[in-house]
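I have placed the structure first, in the form of C-alpha cells, so that the comments after it can refer back to it.
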Amino acid sequence: MKESFFKVFGQRATESSDAPGRVNLIGEHTDYNGGFVLPTAIPQMTHIELALRNDNTVHIVSSDIGPKGEDHSYILGQERPLHRWFDYFEGVTWLLQKKGYTLRGFDARISSHVPMGAGLSSSAALLVAMFRVLRTTFHLPLTDVEIALMSQSVENDFVGAQVGIMDQMASSLADTGTALFLDTRDLNYQRIALPEDKVEMFIINSGVRHSHSDGGYNTRRKECEEACLRLGVAQLRDVADVSLLSSLPEPYLSRARHVVSENSRVLKAVEAIHKGEMETLGQLMIESHASMRDDFKVSVPEIDFLVEASLAHPLVYGARLTGGGFGGSIVGICKKGHGRELADAIADRYQSQTSYHASILVPELRN
Ligand code: ADP
Ligand code: MG
C-alpha cells in the first residue's frame, strides 16, 4: 500500500458520516420516466471520516478499491471527470463550489459495506455520505432532499451516468424499517411499514457486476425518451394505460410497456402492503421481474436463475431483479422467520450451477 495511505490521518478525523445502500422492492426504471418507486434502506452503509487541512488539496482514500485500497489527490477548483472511482468525490466538491459554497482542503477516508455494481446503489450511498460529512464540516444549509438532488446532479453532470432520482432519495431519506413510496415527478413521499410479523425480505447479490456509467442503462433511457417523442408525451408517466402504446414500433413498444405497467404495479404494491396481502405483493414482484426480463431486457441468465430458484420455494411470495439490471442482485419476500435459511439454500444452488459467488446481504447473519 502507498505510504500516503498511512499518512492520511496523521491528525484525528474531525467529522464522520454514514449513508445506506438501498434495495428497490418494486418500480424499476420508472424514476427517470417521472413514475413511482418503492425502495427501502439496507443495513449496509458507506462510512466517511474527514479531517480538515490547511490548504486547498483534497486527499481521499477508499479502502474498497483494489486489493489494498487506493488514494487520490486533487486541488479544489480543478475538478475534472477521469472515468475513475474518484469522479464521485471530485463531482461533489465541483458542484458545491459551482453553487457558491466555499470549501477548504481535507483528508477523507471511505469504507463501505455496500457492494459496488450490485444494484444496491453504492454510488448514491457514497455521494450522500460525502454530502453529509461536508454539510456538517462546512455548516452547509442543505436539506436531505437537496442532498439527494445534488447527488443525482453529480452522477448526471459529472460522472456521466444518466440515473434517475430514486437511489439518492432512498439513501438520503429511507430507513430500514419502512419502504419509501416516492413519486419521482414531484418528490412527494410516504414511509410505509411492511407487516413485519408476516413477511421478511431477502437480498442476494449474484456477483455479476454492472456499471451505471456503462452503455446499457443510458441506452434504455434514450429508448424511453424516443418512445415519448413518438407518443407526443413529456414522460412515460403521462401514459395511463399500455393500450395507448400500440402505435409504437419495437423496441420502443416493449420498453414503454414495461415502464407503464411497472408504474401501475407500484401503486398496486402499496395497496397490497396497506392491506397486508403479501401474496399479492409477491405476485406483483414476479410480474415486475418478467417485464424487466422480457420487455425491458435488463436481466441476465444468472439473475433469472436466482429468481427462479427463489420461486421454487413455497415459502417465497415473490422475487425479482432489483436495481438497474445487467447483473446485480435479487430481492425477495418470504414468510417471516425463513429468510436466512431460504437465501442460504438459493445461494448454494446458484453456486453449484454457475461460476459466480452469491452473497446474502439480508437477512444479515446473526452472531
Ligand atoms: P451501484 O450504485 O449500483 O453500486 P454504480 O455503477 O452506479 O453501481 O456505482 C458504482 C461505482 O461507484 C463504483 O464503480 C465506484 O466508482 C463508485 N464507488 C462506490 N462505492 C465506492 C467506494 N466505497 N469507494 C470508491 N468508489 C466507490
Ligand atoms: Mg449507482
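Quick notes on this structure:
- Computed over the range 205-249, the range of Cα coordinates on each principal axis works out to 38, 18, 18 Å, biggest value leading.
- Each other residue within a Cβ distance under 10 Å of Thr322 adds +1 if Lys or Arg and -1 if Asp or Glu, for a net charge of +1.
- Computed over neighbours whose Cβ is under 15 Å from that of Arg191, the net charge equals -3, Lys and Arg +1, Asp and Glu -1.
- For the range 61-109, radius of gyration divided by Kirkwood radius, i.e. Rg to Rh on alpha-carbons: 0.99
- Shape class of the range 69-151 from the Cα gyration tensor (axes a ≥ b ≥ c, square roots of the eigenvalues): oblate, since a/c reaches 1.5 or more and a/b does not exceed b/c.
- Heavy atoms of the protein chains alone define the surface here; on that basis the range 1-158 has 39 Å² accessible area per residue at 1.4 Å probe size.
- Using a probe radius of 1.4 angstrom, the carbon and sulfur fraction of the accessible surface of the chain is 49%.
- Principal axis extents of the C-alpha atoms in the range 97-205 (largest first, rounded to whole Å): 50, 31, 27.
- Label-to-label distance, nm, for residues given as Ser246 and Asn56 (7 Å Cα→Cβ offset): 6.3 nm
- Shape box of the chain [Cα atoms, principal axes, largest first, Å]: 60, 53, 37
- Our note on the geometry: Cα centres of the range 307-367 and the range 98-126, 28 Å apart.
- Taking the Cα atoms of the range 97-139, the ratio Rg/Rh between the radius of gyration and the Kirkwood radius comes to 1.05.
- Shown for the chain are the DSSP H helices of 18 Å or more along their axis, judged by Cα atoms, with a mean Kyte-Doolittle hydropathy of at least -0.5: 122-138, 252-275, 278-294.
- Value in Å of the Kirkwood radius, where the range 242-367 supplies the Cα pairs that are averaged: 15.5 Å
- Lys pairs under 18 Å by Cα in the chain, provided they are eight or more residues apart or on distinct chains: 8
- Rounded to whole Å, sorted largest first: equivalent-ellipsoid semi-axes of the range 1-120, Cα gyration tensor: 28, 18, 13
- Annotation: peptides 39-52, 265-278, ranked by per-residue average of other Cβ atoms within 10 Å with the highest first, follow the order 39-52, 265-278.
- For Gly35, residues with placed amide H under 5 Å, excluding near neighbours: Thr184
The values are calculated or read from the model by the stated rules, or taken from the named source; none is laboratory data. It should be emphasised that the depicted structure is a prediction, and the values quoted were computed from it without experimental measurement. Neighbour counts are summed over all protein chains in view; Cβ atoms, including those assigned to glycine, are modelled from backbone coordinates with ideal geometry. For the accessible areas, the whole protein counts, side chains as well, though only heavy atoms, and no ligand, DNA or RNA atoms are used. Shrake-Rupley method; radii C 1.70, N 1.55, O 1.52, S 1.80 Å.
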